[in-house]
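Here's the structure, in structure tokens; my notes come after.
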Amino acid sequence: QVQLVESGGGLVQAGESLRLSCAASGSILGFNTMGWYRQAPGQQRELVSSITKFGNTNYADSVKGRFTISRDIAKNTVYLQINSLEPEDTAVYYCNGNAWGKNYWGQGTQVTVSS
């Protein structure tokens, strides 16, 4: 059974940075795409960034220039570096892996940004 485990969330002040990690139970190259989603209270889950197995990256317009997705294939881990955090970034951040149409999700990690 594939497992994705997020870590790195927390309570920070506006302007600070965080690095979220998503550790997979197997090789991340087994996924066609891995991504980070977030869900704020009362809102739908939204994609913020993704990376394909070939290393191509994609970002939501709202996070371009502040968020950076990366990976360490040897560690089976995908990262999300978040800089210049804003209160509007407050949400639960979820790791997602898509493998041939099947989606796998982590349990989420809370990011709270105080102003």
Q: For segment 1-35, enumerate the residues that are among the β-branched types (Val, Ile, Thr), outside any strand (DSSP E or B) and either more than 15 Å from the chain's Cα centre (by Cα) or surrounded by fewer than 17 Cβ atoms within 10 Å (Cβ to Cβ) (or both).
A: Val2
Q | Filter result (free of Cβ contacts under 8 Å to residues at least 24 places away in the same chain and at positive phi) within segment 63-87 | A | Gly65
Q) How many of the residues in segment 86-106 are aliphatic (A, V, I, L, M) and in contact with a Leu (Cβ under 8 Å, 6 or more places away or on another chain)? A) 0
(Q) Please list, ordered by residue number, the strands (runs of 3 or more DSSP E) wholly in segment 53-115 having 1 or more residues that are modelled with pLDDT under 95 and exposed (fewer than 12 other Cβ atoms within 10 Å of the Cβ). (A) 102-105
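The values are calculated or read from the model by the stated rules, or taken from the named source; none is laboratory data. The structure displayed is predicted, hence computed values, not measured ones. Heads up, the Cβs are rebuilt from the backbone with ideal geometry, glycines too, and the neighbour counts pull from every protein chain shown.
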